[in-house]
Amino acid sequence: MDERVAAAFALLPDYLGWHMALSASALGLGILISLPLAVLASRFQAVRWPVLGVASFAQTIPSLALLALFFPLLLALSSLTKAWFGTTIPALGFLPALLALTIYSMLPILRNTVAGLQGIDPAAREAAKGVGMTPLQSLFQIELPLAAPVIMAGIRTAAVWTIGSATLATPVGQTSLGNYIFSGLQTENWVYVLFGCAASAALALIADALLGLIETGLGKGDPRRWLTGGLVLLIGIAAGVAPLALHSSKPAYVVGAKNFSEQYILAELMKYRLEKEGAVVTAKEDLGSSFAYSALRTGEIDAYVDYSGTLWANILKRTDNPGRMAVLAGLGTDLKTRDGVIVLGTLGFENAYALAMRRDRAEALGIHSLDDLAQHAGELTMGGDLEFFSRPEWTALVGAYGLNFKAKKQYQPTFMYRALGSGDADVISAFSSDGRIAADDLVILTDPRGALPPYDAVILLSPQKANDPRLRRALAGLVGSIPVKAMQTANYSVDRDADKQTPRQAALALAKVIKR
Amino acid sequence: MPKLEPHTYPAIAFDGVSKRYGATAAIDAVTLEVPHGQFVALVGGSGAGKTTLLKTINALIAPDAGVVRVEGRPTAEVEPPELRRGIGYVFQEIGLFPHLTVARNIAITPRLLGWSEADIAARVAELLDLVALPREFAARKPDALSGGQRQRVGVARALAARPKVMLMDEPFGALDPVTRAALGEDYRRLHETLNLTTVMVTHDVMEAALLADRIVVMKAGAVVADDTPRALLAGHADPDVAAMMQTPRRQAERIEALIHG
Ligand SMILES: Nc1ncnc2c1ncn2[C@@H]1O[C@H](COP(=O)(O)OP(=O)(O)OP(=O)(O)O)[C@@H](O)[C@H]1O
Ligand SMILES: [Mg+2]
């Protein structure tokens with residue numbers, strides 16, 4: 001078997017287990033909320049339109065955005081519960097994913113239940129009254145059973161949607177089959193991407209078939225069918241979720257990673273060093289760039305690597321650039337007083353935002369610096385990663401150099417380099433530690449006006465674990481020990497097409513280079 | 001309320017009962033008494049208010065004015081489910097529950113009343129015999145029965161909890177004449193043996209004349225005639241009623257003429 005397929009299979013129990021636990025509980029919760037709501041909606045006009053309206057509206061929100069929106073909501077709620085009850089609620093991971101998917105699952109169940117109940121022959125309802133049933137007896141013994149096939153059809157639709165959308169739980173820090181897709185996309189591991197899609201599709205098809213069996217069983221009034229369907233479904237969920245319960249030794253440390261290769265490698269490196277100290281560690285990967293710091297601040301992760309300029313601009317909201325050392329010093333004191341977050345130290349390399357061009361193209365146009373670039377910007381297309389144009393760095397560049405491009409395009413980082421290669425973009429927002437700069441023979445344009453802040457990679461520790469000796473001991477050795485060349489090599493070993501390494505392998509190779 | 005002596009009151013009594021839907025008076029100030037053991041046929045044209053009047057008896061329709069009493073108690077004072085469990089009702093549209101077997105349909109009211117499973121099973125078997133259906137039918141769903149068989153199940157279900165009052169809304173409509181006559185005669189025998197009080201709505205004057213002790217004719221929500229079949233067949237002051245009562249007689253005479261040339 002292909003090595004990558006084998007690696008994918010090794011992760012399956014964990015990913016599949018979480019995916020099933022998440023979709024099953026979201027669907028279950030969705031049913032529990034939707035059925036009573038739909039019964040009320042079918043009875044009262046005044047309930048019907050608001051309920052169906054809100055559910056339809058929620059459905060129009062892209063599911064990734066819906067998941068992301070729960071993060072600030074839960075964060076605010078968490079600070080409320082902290083003030084009132086002294087406990088926080090997790091804003092990342094299972095809870096936001098569960099809530100968003102639950103809302104997402106509700107519309108088809110609501111719609112079909114209302115339609116099913118309203119479609120019942122009024123004669124049947126009157127007959128139920130006539131034989132002496134109370135309204136509740138009529139509902140449970142006559143109306144719901146008669147509407148059951150239509151309701152089940154709604155539940156089937158909801159199940160397929162929920163299982164598909166559960167892959168999007170990955171960026172909010174909840175493990176799911178989406179982990180294959182997101183990390184595969186990032187490291188161009190298409191085997192992972194396909195594996196994740198196939199696994200999620202297969203899960204949806206199986207769930208749909210079993211629920212379909214229940215639906216026809218209910219429609220035909222054949223208890224053997226719907227009992228079989230229900231039983232197989234329950235056993236399947238139990239079997240899928242069981243592995244999670246088996247190895248659920250609570251980790252002592254959680255290291256975080258944002259959603260690109262360097263972050264995966266550094267998370268693996270921190271994990272490796274902690275494990276050498278005998279600790280149980282898990283990694284929470286693929287955190288959206290803005291989620292990572294909040295996750296650290298609230299203690300959902302204990303350590304991760306961020307970049308000084310990013311923290312300076314996005315967390316401290318500073319727009320000035322007092323120089324590299326001043327930024328680091330400012331971060332050290334301000335993050336500590338503001339959030340209790342500790343800057344353990346710099347890793348020894350910068351991963352700066354820089355504008356890069358193909359060497360041949362830059363030389364042909366005589367572009368060396370950003371000043372030169374401004375002269376030609378009107379004929380050039382700028383490619384940025386998904387967040388670049390909304391970042392303060394971009395505003396700073398435009399302010400300092402008056403860049404005015406012919407066109408701007410956004411890419412997922414992997415495809416951004418491809419676009420540069422193919423000529424779809426002339427300039428891209430690159431990262432200085434990216435191995436592809438050397439490999440693709442790109443030039444970094446100089447920044448004579450100092451518009452871009454410094455981006456020293458720094459290790460951050462959460463307030464709870466700020467004084468944890470084992471954590472400090474394990475990570476202190478990393479401070480100042482990774483030169484930019486070493487990081488570029490490690491990054492490239494993961495990003496390249498041939499002889500691809502996993503982030504774990506790259507981290508182990510990097511560990512060998514580190515002397516301490 | 002102390003338990004009433006049997007038959008101190010009529011089984012059913014209407015006192016100035018009216019029901020309006022917008023401008024139309026579906027029933028218009030009806031006052032009527034049905035003594036125990038009587039078989040009353042309610043006849044009249046389509047839209048005359050027969051179904052509406054019948055449904056006020058078991059409170060499926062609440063009158064706008066007037067009082068309906070069953071066994072002397074105003075129906076408005078009894079919890080509707082309790083009232084209905086004591087009155088058998090055969091619906092115009094049959095109203096069997098399609099997702100339940102014949103046995104479960106028949107057993108529905110006894111089950112609501114909390115009878116034991118053994119009593120219910122015995123009662124279902126007894127009722128299938130009573131309405132002349134094979135016992136194997138117990139496990140079938142209503143859609144696996146013929147129209148006439150379904151009507152029989154409807155009657156069995158209405159009788160299941162041993163009501164003393166039976167309300168039937170065109171119970172034998174949509175049946176071929178032979179089955180219809182047979183079912184009617186079967187039911188009339190049940191009415192006698194079980195000592196029931198029956199109010200049956202029908203379009204068919206012939207059926208009313210042959211089965212009922214008394215015929216009540218409605219027109220535009222009001223009672224326009226109320227007498228024994230014999231008296232009404234003899235003639236009536238209202239020309240519409242007289243014409244309607246002539247129909248079975250004229251038919252009978254024409255049949256007679258056909259047979260004897
Ligand atoms: N829910 C309702 N809303 C409005 N009008 C109604 C309603 N139910 C009955 N009616 C009207 O009341 C009148 C009496 O109706 P009802 O059903 O009692 O007639 P019926 O004598 O049973 O007729 P049929 O022999 O056709 O069954 C009719 O004019 C009918 O249109
Ligand atoms: Mg009617």
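Amide H contacts for residue A:256 (H built 1.01 Å from N in the peptide plane; partners 5 or more residues away or on another chain; cut-off under 5 Å): A:284, A:302, A:303, A:304. Segment B:109-137 and segment A:75-152 have Cα centres spaced 36 Å apart.
Taking Cβ atoms as reference points and 9 Å as the exclusive limit, the residues near residue B:221 contribute a net charge of +2, counting Lys and Arg as +1 and Asp and Glu as -1.
Each Lys and Arg contributes +1 and each Asp and Glu -1, all at the Cβ; summed about the Cα centre of chain B, the dipole is approximately 500 debye.
Here segment A:353-444 yields Rg over Rh of 0.92, to two decimals, using C-alpha coordinates and the Kirkwood radius.
Ordering A:15-23, B:191-199 by mean Cβ neighbour count within 10 Å, with the highest value first, yields A:15-23, B:191-199.
Annotation for segment A:402-426 versus segment B:24-72: alpha-carbon center distance of 83 Å. Placing pseudo-labels 7 Å out from each Cα toward the beta carbon at residue A:232 and residue B:250 gives an inter-label distance of 6.7 nm. The accessible area of residue A:157, taken with all protein chains in place and a 1.4 Å probe, comes to roughly 60 Å². Using a cut-off of under 17 Å, list every residue of segment A:412-445 whose amide N is near the label point 7 Å from the Cα of residue A:364 along the Cα-to-beta-carbon line. Counting backbone N atoms under 17 Å from the label point, the list is A:419-428, A:441-443. Placing unit charges on the Cβ atoms of the charged side chains and taking the dipole of chain B about its Cα centre, the candidate lying farthest along the positive direction among B:252, B:146, B:234 is B:146.
Note that segment B:208-213 has calculated 3J(HN,Hα) couplings of 4, 5, 7, 9, 8, 7 Hz, one per residue in order, obtained from phi through the Karplus relation 6.51 cos²θ - 1.76 cosθ + 1.60 (θ = phi - 60°); glycine and proline are x. Per-residue ellipticity at 222 nm from helix content only, as computed over chain B with -39500 (n - 2.57) for each DSSP H run of at least four residues, stands at -11500 deg cm²/dmol. Close amide H partners of residue B:197, meaning residues 5 or more places away or on another chain with modelled amide H under 5 Å apart, are B:37, B:165, B:166.
Reported to the nearest whole Å, the Cα centre-to-centre distance from segment B:175-215 to segment A:281-325 is 87. Largest accessible area first, the residues B:188, A:473, B:73 order themselves as A:473, B:73, B:188 under a 1.4 Å probe with ligands, DNA and RNA left out.
Surface composition of segment A:103-148: carbon and sulfur make up 63 percent of the accessible area, probe 1.4 Å.
If we count every other residue with Cβ under 11 angstrom of residue A:458's Cβ, Lys/Arg +1 and Asp/Glu -1, where does the sum land? Provide the component values of the computation, followed by the final result.
Numbers: positive: none; negative: A:306, A:350, A:456.
Around residue A:458, the charge tally is -3.
Grab the other residues whose beta carbon is less than 11 angstrom from that of residue A:500, score K and R as +1, D and E as -1, and report the net. Mind dumping the intermediate values first?
Working: positive: A:4, A:496; negative: A:3, A:188, A:495, A:497, A:499.
Net charge in that neighbourhood comes out at -3.
For residue A:408, the aspartates and glutamates whose Cα falls under 16 Å of its own Cα, not counting residues fewer than eight places away in the same chain, are A:379, A:385, A:387, A:393, A:424, A:426. Taking the charge dipole of the protein assembly as shown about its Cα centre, with +1 at Lys and Arg Cβ atoms and -1 at Asp and Glu Cβ atoms, the residue from B:179, A:92, A:186 reaching farthest to the positive side is A:92. Surface exposure of segment A:353-444, expressed per residue as accessible area with a 1.4 Å probe, stands at 41 Å². Straight Cα distances below 23 angstrom link residue A:512 to the lysines A:271, A:276, A:485, A:500, with same-chain residues fewer than 8 positions distant left out. Ellipticity at 222 nm from helices only: DSSP H runs of n ≥ 4 in chain A, each -39500 (n - 2.57), divided by the residue count, give -20000 deg cm²/dmol. Within the full protein context, the accessible area of residue A:441 is estimated at about 80 Å² for a probe radius of 1.4 Å. The mean accessible area for residues of segment A:3-246, using a 1.4 Å probe and ignoring ligands and nucleic acids, is 44 Å² per residue. Rolled with a 1.4 Å probe across the full set of protein chains, the surface gives residue A:32 an accessible area near 120 Å². What chain B shows is 47 Å² of accessible area per residue, with the surface traced by a 1.4 Å probe over protein heavy atoms.
Candidates A:411, A:166, A:263 compared by Cα position along the dipole of the protein assembly as shown: farthest toward the positive end lies A:263, with charges placed on Cβ. Accessible area ranking (1.4 Å probe, heavy atoms, ligands and nucleic acids excluded), largest first, for B:115, A:226: A:226, B:115.
Counting only protein heavy atoms and rolling a 1.4 Å probe, how much accessible area do B and A lose on contact, total for both sides, in Å² to 100?
Its buried surface, counting both partners, is about 1500 Å².
For segment A:218-330, the share of accessible area belonging to carbon and sulfur comes to 61 percent (1.4 Å probe, ligands and nucleic acids excluded).
What the phi angles of segment A:404-416 give under the Karplus curve with 6.51, -1.76 and 1.60, with θ = phi - 60°, is a coupling list of 9, 7, 4, 8, 10, 10, 10, 9, 5, x, 3, 6, 5 Hz, glycine and proline written as x.
A full extension of the chain between residue A:47 and residue A:513 corresponds to an added length of 161.2 nm, given 0.36 nm per residue minus the alpha carbon distance. Think of each Lys and Arg Cβ as +1 and each Asp and Glu Cβ as -1; about the Cα centre, that makes the dipole of chain A roughly 1200 debye. Computed on protein heavy atoms with a 1.4 Å probe, the accessible areas place A:500, A:220 in the order A:220, A:500, largest first.
Residues of segment A:104-138 that bury at least 50 Å² of accessible area when the other protein chains are present, relative to the chain alone (probe 1.4 Å, heavy atoms, ligands and nucleic acids excluded): A:126, A:127, A:129, A:130, A:131, A:132.
Rounded to the nearest Hz, the phi-derived 3J(HN,Hα) couplings of segment A:369-384 under the Karplus curve 6.51 cos²θ - 1.76 cosθ + 1.60 (θ = phi - 60°) are 10, 5, 4, 4, 4, 4, 5, 9, 3, x, 9, 10, 9, 9, x, x, where x marks glycine and proline.
The values are calculated or read from the model by the stated rules, or taken from the named source; none is laboratory data. Quantities reported herein were computed from a predicted structural model and do not represent experimental measurements. Neighbour counts are summed over all protein chains in view; Cβ atoms, including those assigned to glycine, are modelled from backbone coordinates with ideal geometry. Heads up: the accessible areas ignore ligands, DNA and RNA and are worked out on the full protein's heavy atoms, side chains in. Shrake-Rupley method; radii C 1.70, N 1.55, O 1.52, S 1.80 Å.
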